[in-house]
Structures are given as C-alpha cells and as structure tokens.
Amino acid sequence: MWLLNVRETVNKYLPVFAIFCLACFGCGKEEQGVNIYAASSLTEAVSVAVERYEEISEVKTKVVFAGSNHLAAQLRDGANADVFITADADLIEGLDFQEILEGFAYNALVVVKPVDFINKSFELNDLTQDKGLIAICSVGVPCGDTTKAKFGIINADTYEMNVKAVLSRVASMEVDLGIVYATDLKNEPKVIEAWPQEIACPCVSYAAASKGKKGNKFSDFLTSDIAKEIFSDHGFSL
Amino acid sequence: MLQLNGSLDLEHFTLKARLEIKENETVSLLGPNGSGKSTLLKLISGLEKLTTGNLRINTNIVDSENTFVHSRFRNVGWVPQNQMLFDHLTVKQNIEFSPNSSKKEVSKLINLFDLEHIQDKKAGNCSGGESQRVAITRAIASNPQVLLLDEPSTGLDEKSKQIIHRYLKTQKGVATLLITHDPLEAASLSERLIILEKGEITQSGTPDEIRNSPATPYSASLVGLNFVPAVANGLVAMTSKGVNLILSESIQGPVNIVIPPRSIALYREKPIGSPRNVLMAKISEINHVGENVRINLDGQLNFMAEITNNAFEVLNLHKGDEVWAAFKATELITTPT
Amino acid sequence: MNRIPKAVVLIATIAILFLLSPLIGLLQRMPWSELANLLGSDVILDAFLLSLFVSFSAALVVFVFGIPIAWFLARSNFSFMKLLRAVVLLPMVLPPVVGGTALLFAFGRQGFLGKWLNDWFGLTLPFTTAGSVMAAVFVSMPFFVVAVESAFRSISEDLEKTAETLGASSSKIFLKITLPRIFPSILAGLALSWARALGEFGATITFAGNMPGETQTLPLAIFLALETNPEAALALSLVMLVTSLAILIPFRDQWLPSR
C-alpha cells in the first residue's frame with residue numbers, strides 16, 4: 001500500500017524535482033581560480049602574464065579571449081568574470097565591476113601586408129584607392145573606431161568583426177593590406193609593415209575592470225613591473 | 001506488319017514467342033495472369049529488349065542481337081493497363097501529344113470516340129471509361145504501325161466498350177495486338193487468338209479452331225469446357241486424383257478428356273442404371289447465364305455443369321449442397337496427348 | 001482531436017512552446033517606438049536590399065543547376081551515384097564557416113581555381129556580391145536537390161516511357177510531362193533553399209567578407225549590430241522575420257507532400 005503512496009508522491013513532485021536538477025546543472029561548480037575576460041588583441045601577452053601570475057600567486061586562472069564588444073555583450077547577458085580587460089573603456093559602463101584601471105597599456109595601429117608581398121610596394125594613398133584588397137576592423141569595435149580616428153575613411157573591401165579576423169585575412173594573402181595592432185605585427189610572422197611607419201597614436205587604450213578580492217588582486221598585478229615588461233615585449237606601449 | 005521470333009529471359013520463366021501479325025489483322029492475346037502477356041507488349045513497344053531472336057516492324061529490324069531501335073522511333077501505339085494519361089494536361093492535349101499526330105486526324109478521332117464534350121477536361125478528372133478511350137485515342141493519333149492494347153475494355157461501362165469495339169472492328173491498316181481476359185470479346189474482335197501460358201504460346205488459331213480442339217486446360221476453360229488430363233487403360237481412364245472415368249472407345253496412354261458442361265446431369269440421390277460416370281460433388285458457385293445455370297462443382301473432380309433454369313428450380317439447388325453429377329461415356333471427347 | 005493520444009498532444013505543445021519562446025522574446029524586446037527611426041537608416045536598407053538580391057540570385061542559380069543534378073541522381077544507375085549524392089549533400093552537414101573556408105581554398109586568391117581566375121581574368125570572387133551569392137548557393141543547394149530528387153523518383157518511369165512510345169523527344173517529355181508534375185515540389189524546394197540562403201551567415205562572412213552594400217547581408221548586419229548597437233540588431237531581426245514570413249507563408253501548402 002505504501003508503495004503506491006510513494007509512487008504518487010514522486011509523480012506529484014517529479015516536475016519540481018526535475019527543474020531543481022536542471023537548475024543545479026546550470027549552477028556550475030564554485031570557481032576556485034580567477035575568471036578573466038580579455039580583448040582578443042591581448043591574446044599572446046595576457047596568456048604569458050597569467051602564466052607568470054599563477055607561478056607567483058599560486059592562484060589558478062581561466063581566460064577567455066574575444067572581441068571586446070562580444071565579451072561585453074556576454075557579460076551583460078549574465079556571464080561571470082572577475083576581471084574584464086577591454087580595448088574600449090566605454091564598454092564597462094553598466095557592468096557590475098568595482099574597480100577600473102584605465103590606460104595601463106596602449107596599442108598603436110599599423111598597416112600591414114603579407115610577408116610574401118615583400119617586393120610589392122604600397123603607400124598611404126593606396127588606402128583610399130581601388131588598387132588592392134583591403135581589410136580593416138568594422139566601425140563600432142575598438143580597433144575599427146581607432147582606425148577611423150587615425151586614417152579616416154578607407155576604401156576597404158571587408159570590415160571584420162575583430163582585429164584577429166583582419167590579421168588572418170592578411171596572413172592568408174586573401175587581401176593585400178590590413179590595419180592591425182602593432183602587437184599583431186610583432187607577433188605574427190606572416191605579416192610585415194606595408195611601408196615604414198611610426199608607432200604613434202591615436203591608439204587603442206586598454207582598461208581593466210575588476211571585482212572581488214581575486215579580481216582586484218589580478219588587476220593590481222597588471223600594473224606590476226613583471227606585467228609591464230611582458231606587455232612591452234609584446235609590442236604594447238605603456 | 002509485325003514479325004517476332006525470339007525470347008526474353010524473365011525472373012521466373014523465359015518468354016518465347018514466334019508470331020506474325022499482318023497490317024490489317026487484329027489478334028487477341030489471352031492467358032492466365034503472370035504468363036507474360038503485358039511483357040510481350042512491352043517487348044514489341046521497345047520497353048524491353050529481346051534476349052535472343054529478332055523483331056521486325058514493317059520489315060525493319062527493331063530488335064536483334066546487334067540492333068535496338070528506341071521505342072520513340074518504332075512508331076508503336078502502346079496503351080498500358082493503367083492508361084498512363086498525362087493527368088495535368090487536358091484530354092485534347094493528351095491526344096495530340098505525339099509529334100506524329102495531325103490536327104485533322106485528332107479532331108476526327110475525338111469525334112469517333114465521343115470525346116468532344118470533354119476535350120478540355122483535365123485528363124486526371126476523367127472517369128474510367130473516358131480515360132481508357134482517351135488513352136486509346138492518344139495511341140491511335142500517333143499514327144502507329146502497330147497498335148498494342150493491354151486489356152482495353154476490362155471493367156469499362158457498356159458505352160465505352162461499344163465505342164472501342166466499334167473502332168477496332170472497322171479500322172484498317174494497323175496491325176493490332178490486344179490482351180483480353182474475355183474470350184467472347186476476343187472472338188468478336190479478332191480473326192486469330194494466341195494463348196500464352198507461362199511464357200510459351202500453347203495455342204494459336206481462329207476462335208473455332210480453339211473451341212473445337214483446345215490444347216490445354218486453360219484453352220478449354222476459355223471456351224467453357226471441362227478439361228481433364230488422365231491416363232487411359234482400355235475403356236477406363238484414371239485422373240491424377242484417382243477418379244475413374246468410363247470412356248466410349250478403348251484407348252491407351254495419357255489422354256485429355258473434355259466433359260461438355262451441358263452433358264452433365266445433376267441428381268439429389270445417386271442415380272442407378274446405364275453405364276454412366278457418376279460422381280459426388282459439392283456446389284461451390286452458381287451463375288445464371290441467360291436461359292441456363294452454370295454450376296461449379298468441387299469434389300474428387302472439379303468441373304462445371306450447365307443445366308436449364310427449369311431443372312435448377314426443380315432440384316432447388318443452393319451453394320454448399322451435395323449433389324450427384326452424371327454424364328455418359330459417349331459425351332466425352334477424348335484426345336491422346 | 002479526440003483520437004490523438006494525450007501524450008502526443010502534450011509533447012507537441014512543449015515543442016511548439018520551445019520554438020515560439022525565442023520569437024516571443026524577440027518581439028518583447030523590440031523597441032517599437034523607435035522602429036520608424038531605426039528602419040530608415042541606410043545600413044538597414046542596404047542590408048535588406050542586398051539580402052533580397054543575394055537570396056533570390058542564389059535561388060535562381062540553385063534552380064537552374066539543381067534540377068539537372070536532381071534528375072541525374074534520381075534516374076541514373078551509375079555505381080558512383082552514392083558518392084555523388086554524398087558530395088551534393090555535404091554542404092548540408094558541413095559547418096557553414098568550414099564551408100566558407102573551403103570556398104576560399106578553392107576560389108580565394110590563393111585557391112587552386114581562384115588563382116587561375118585572378119591571373120588570367122583579373123577576377124576576384126571573395127569580398128564581392130558574387131562571392132556572397134556563391135556562398136549562399138553552396139549552403140542552400142542540397143536542400144533543393146533533396147526535395148526535387150525525391151519528387152523525380154515519385155514519377156512512374158512508365159509514364160515517361162509511354163510518352164516515348166508516342167514519339168516525343170526527351171526534352172519535350174522533360175518540359176511538358178516531368179517538370180509540370182513535380183512543380184509543387186520544385187516550389188517547396190525553392191522556398192526551403194531560399195530561406196537557407198537568406199539566413200546564411202558563416203560561409204558568407206568567411207568567404208565574402210563584410211562590407212555594407214556589397215556583402216553585408218542582414219544576418220551579418222545583425223551580428224555586428226548585436227555588439228555595437230543592440231537596438232538596431234533587434235530592428236534588423238524584425239526585418240528578417242517579416243521578410244521570411246512574407247515569402248514562406250504563401251508557400252505553406254507546398255510543404256505538404258500530397259499531390
């Protein structure tokens with residue numbers, strides 16, 4: 001008799017139970033380390049930095065690299081990060097962070113061409129002509145806004161969603177010219193300067209927003225000498 | 001003019017045919033289901049290829065070991081059993097579909113087959129009888145040298161049947177081969193009948209020839225006779241099931257015995273008397289045909305008796321009744337095989 | 001209604017709610033008051049017109065090339081038919097971005113065909129509207145071919161053979177008998193592949209790039225707007241929704257495999 005009762009009870013509360021289980025799966029485990037969201041242009045530098053940070057502080061890190069706008073959108077929709085390193089400080093607005101560190105590093109823009117085109121010569125005027133295929137960042141993303149600020153209107157053939165996409169277009173030789181960061185020029189062997197250029201601003205200025213003890217501690221690390229050396233090695237201006 | 005002498009290997013048997021149809025001839029093709037009749041038509045129309053032998057249409061070889069003329073160039077009018085009308089086109093568009101048709105001829109045929117009032121109707125909306133007439137008209141309109149009809153009037157209304165029969169009896173100039181299950185239709189439409197059983201032509205001749213000496217049980221059943229194969233030993237012949245039949249003449253060896261249905265008399269009680277063949281049987285089917293009644297009987301021997309309406313009423317027969325059937329030895333037609 | 005098992009009704013309801021929820025979410029967030037303003041912008045107009053052009057051009061190409069492919073697959077008996085069918089259906093299972101990358105490998109400036117086109121004719125396909133059409137054709141062709149091939153198969157070969165005995169040429173039979181009979185399936189297949197072409201994103205952005213007026217179709221514009229201007233993204237989504245429904249609803253009867 002009591003078996004019947006159990007079955008009835010289970011049937012009655014099964015939906016609630018199911019939802020509870022689902023919610024638990026959604027919860028996720030408690031993160032021990034520090035969650036970092038970083039702009040894709042910082043990929044190489046921040047990867048090295050977190051490695052050093054893990055050695056020094058013995059805190060585990062988890063980093064996600066993507067376009068700054070993309071990361072901001074995810075954070076708006078409820079993703080969780082302790083640190084958000086963005087190429088556009090405006091994106092921090094409305095997000096739930098305590099401390100904001102502005103301008104700890106800068107990235108200048110440079111026009112590049114595929115390394116195999118070493119004998120092909122280009123000049124600044126070519127950016128507004130119809131001579132070759134040009135890829136740049138789209139307006140609305142940090143590198144795109146800065147490109148417009150520094151170079152004005154360009155006769156581009158494709159506007160990419162983030163700087164890494166522009167870089168890969170040039171690296172794969174699908175385009176002749178691309179406007180990428182100075183750090184990309186330094187780290188990517190498949191692209192070279194399109195013509196001799198000065199590393200000068202208008203630049204992209206990085207900001208780090210953080211919250212919680214773990215987050216703020218990492219943010220402080222970004223201003224340390226060790227971190228500064230890493231950024232400088234990778235081609236950032238300080 | 002059609003000349004065929006060849007064979008086609010099929011899944012269960014080989015179709016072997018040797019036949020000739022002249023320009024003005026209409027020949028009927030009969031046979032049990034699955035004997036290869038439709039396949040024979042497909043062979044002539046070019047939808048199948050002979051394995052051996054050759055086929056000529058108007059003395060041109062269209063199918064042989066090293067020749068095969070595609071059906072589109074054979075000028076054969078083929079009307080398959082399910083008509084295959086172009087449903088989305090109108091009746092008139094169907095009929096004039098062939099590039100060999102002429103406007104004049106098409107109009108004439110539409111009148112002849114009484115299709116004028118539906119010529120703008122979508123073929124998919126036609127009734128069974130209308131569809132069949134359209135299909136045949138369409139084939140004739142293509143100006144064929146050979147006309148192949150697969151069961152042209154099976155299941156049709158009387159009016160459609162009459163129109164089709166009228167055309168087939170009066171048309172000239174096209175060698176016609178038609179498949180039918182109805183021996184009466186075959187007899188009325190054609191001068192010659194061909195009987196195909198399991199891929200082989202077992203008999204070919206005029207309706208009278210077949211009626212008078214059917215070569216196989218099927219031929220006999222066509223003309224409404226009872227056909228019994230047996231082994232004779234003097235005046236007695238024994239069937240495969242062990243039934244002894246008394247003959248009127250002494251004969252030895254395997255024979256085919258025909259028992260005309262009208263010579264069978266039925267009794268409720270076992271008759272005694274003159275030397276007759278007497279068998280017990282159960283009535284399996286009763287069919288009234290005009291002034292007479294055909295009764296199918298099952299027992300040691302399966303056969304059919306035909307008695308008058310009077311006799312039927314006197315005996316008060318019903319399906320399932322057990323009766324005695326008797327027939328004289330002198331009525332039997334015995335032929336050695 | 002009484003004959004449908006309760007469990008089936010329950011499961012169907014859950015499924016429909018699942019499919020409807022994102023739609024409801026979209027409509028709920030829509031900035032209705034600013035829609036007029038947003039819709040007037042050049043970006044949206046460009047993306048809209050370009051999407052129409054690309055999707056209909058792709059549908060045309062798919063129609064012209066898809067019918068022979070479908071006929072071939074339905075009627076031929078070559079032993080490599082299975083392989084050919086797998087190749088034709090490949091874009092259906094390939095992630096679109098992979099498709100776009102593959103298109104670059106073939107038609108990009110360094111691609112084995114693209115290099116030849118560039119050297120001999122000065123023709124570059126990536127980053128052009130033609131490139132967008134190519135990407136759209138690549139991903140949407142299989143949908144059309146699948147629908148039309150099964151339609152060809154459903155036509156009795158005896159019907160075509162009967163037409164042959166009447167003396168009609170192959171092209172006459174194809175145009176007057178075969179095609180008209182499968183017309184509903186052609187329409188359904190076209191609608192399906194058009195919708196796929198309209199929504200195409202991964203292969204387009206990889207192969208054709210992103211340029212307003214040339215290659216920035218509605219899906220690309222929406223993706224970009226999501227990060228830079230969420231309200232515009234919503235407006236664009238509404239445009240896509242209305243466009244899709246406007247074309248697909250009149251074809252709703254063709255989805256049914258009757259006839």
**OP:** Work out the length of the dipole vector of region A:107-193 about its Cα centre, built from +1 on the beta-carbon of each Lys and Arg and -1 on the beta-carbon of each Asp and Glu, and round it to the nearest 20 debye.
**Re:** 160
Subject >> Under 11 Å from the B:Lys270 label point (7 Å along Cα→beta-carbon), backbone N, region B:211-255 >> reply: none
Original post:
In the structure displayed, which of A:Lys60/A:Lys213; A:Lys60/A:Lys214; B:Lys22/B:Lys159; B:Lys92/C:Lys176; B:Lys103/C:Lys161 lie more than 19 Å apart, Cα to Cα?
Top reply: B:Lys22/B:Lys159; B:Lys103/C:Lys161
Original post:
Thinking of region B:95-251 as a set of Cα atoms, what percent of all their pairs are more than 22 Å apart?
Top reply: 55
Original post:
What's the angle, to the nearest 10 degrees (0 to 90), between helix A:212-221's Cα axis and the longest principal axis of chain A?
Top reply: 20
**OP:** Give me the angle, in degrees from 0 to 90, between the Cα long axis of helix B:103-112 and the longest principal axis of the Cα atoms of chain B, rounded to the nearest 10.
**Re:** 30
**OP:** Could you work out the Rg to Rh ratio of chain A, with Rh taken as the Kirkwood radius (inverse of the mean 1/r over all Cα pairs)?
**Re:** 1.16
Original post:
DSSP loop GluC sites (Glu not before Pro) in region B:228-337 with at most 11 other Cβ atoms within 10 Å of their Cβ, which ones?
Top reply: B:Glu269, B:Glu291
Original post:
Label point 7 Å out from A:Ile100 along Cα-to-Cβ: which residues of region A:204-227 have amide N under 13 Å?
Top reply: A:206-210
**OP:** Can you figure out the FRET efficiency of B:Arg294 with B:Val69, using R₀ = 41 Å and their beta-carbon distance, to the nearest 0.05?
**Re:** 0.30
**OP:** Check each of the chymotrypsin sites (Phe, Trp or Tyr not before Pro) in region C:67-140 and keep only those in coil by DSSP with at most 15 other C-beta atoms within 10 angstrom; list them in order.
**Re:** C:Phe78, C:Phe80, C:Phe112
**OP:** Kindly provide the Kirkwood hydrodynamic radius of region A:191-238 in Å, to one decimal, from all pairs of distinct alpha carbon atoms.
**Re:** 13.1
**OP:** Quote the relative contact order of region C:152-259 in percent (integer), defining contacts as alpha-carbon pairs under 8 Å separated by 6+ residues.
**Re:** 24
Original post:
Whole number please: convex hull volume per residue of the Cα set in region A:107-193, in Å³?
Top reply: 77
Original post:
Between B:Leu315 and C:Asp158, what is the FRET efficiency for a Förster distance of 41 Å, r being their Cβ-Cβ separation, to the nearest 0.05?
Top reply: 0.20
Original post:
Mean separation of Cα pairs under 8 Å and 6+ residues apart, divided by the residue count of region C:1-130: what relative contact order is that in percent?
Top reply: 9
Subject >> GNM result for chain B, Cα springs below 10 Å: residue of B:Thr239, B:Thr308, B:Thr202 fluctuating most strongly >> reply: B:Thr308
Original post:
Looking only at Cα atoms, what is the convex hull volume of region B:177-304 per residue, in Å³?
Top reply: 143
Original post:
What order do you get for B:Cys126, A:Cys201 when you list them from fewest to most C-beta neighbours inside 10 Å?
Top reply: A:Cys201, B:Cys126
**OP:** Enter the mean number of other protein chain beta carbons within 10 Å of the beta carbon of each residue in C:222-229, as an integer.
**Re:** 5
Original post:
If you wrap a convex hull around the C-alpha atoms of chain B and split its volume per residue, what is the figure in Å³?
Top reply: 161
Subject >> Estimated dipole of region C:38-255 in Debye, rounded to 20 [Cβ of Lys and Arg +1, of Asp and Glu -1, Cα centre] >> reply: 720
**OP:** Set the Förster radius R0 to 56 Å, insert the Cβ-Cβ distance between C:Ala106 and A:Asp225 as r into 1/(1 + (r/R0)^6), and round the FRET efficiency to 0.05.
**Re:** 0.65
Original post:
Counting each DSSP H run of 4 or more residues in chain C as -39500 (n - 2.57), what helix-only mean residue ellipticity at 222 nm follows after dividing by all residues, to the nearest 500 deg cm²/dmol?
Top reply: -24000 deg cm²/dmol
**OP:** Evaluate the charge dipole of chain A about its Cα centre and quote only its size in Debye, nearest 20, assuming +1 on the Cβ of each Lys and Arg and -1 on the Cβ of each Asp and Glu.
**Re:** 740
Subject >> Principal-axis tilt of helix B:128-141 within chain B, Cα atoms, nearest 10 degrees >> reply: 60
**OP:** May I ask for the equivalent-ellipsoid semi-axes of region C:38-255, computed as the square root of five times each C-alpha gyration tensor eigenvalue and listed largest first in whole Å?
**Re:** 35, 22, 14
**OP:** Mind pulling up the Rg/Rh value for region B:1-151? Radius of gyration and Kirkwood radius, both on Cα.
**Re:** 1.00
Subject >> Simple spin-label estimate for B:Thr51 and B:Asp9 in nanometres, 7 Å along Cα-Cβ >> reply: 0.5
Original post:
From the cross-link list B:Lys161/B:Lys198; A:Lys131/C:Lys115; A:Lys62/A:Lys217, which pairs have alpha carbons spaced over 20 Å apart?
Top reply: B:Lys161/B:Lys198
Original post:
What is the spin-label model distance, in nm, from B:Ser107 to B:Glu200 if the labels are put 7 Å beyond Cα along the C-beta direction?
Top reply: 5.4
Original post:
Taking chain C as a Gaussian network, where each spring joins two C-alpha atoms under 10 Å apart, which residue of C:Ala235, C:Ala58, C:Ala246 fluctuates the most?
Top reply: C:Ala246
**OP:** Calculate how large, on average over all directions, the projected area of the Cα convex hull of the protein assembly as shown is; give the answer in nm² to one decimal.
**Re:** 59.8
**OP:** Just tell me, in residue order, which DSSP H segments of chain C are both 24 angstrom or longer along the helix axis (alpha-carbon based) and at least 1.0 in mean Kyte-Doolittle hydropathy.
**Re:** C:6-29, C:42-75, C:129-154, C:179-199, C:230-248
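Where a number appears in this text, it was derived from the coordinates with a stated rule and is not lab data. Note that this is a predicted model, so its numbers are computed, not measured. Note that we place each Cβ from the backbone using ideal geometry, even for glycine, and neighbour counts take in every protein chain shown.
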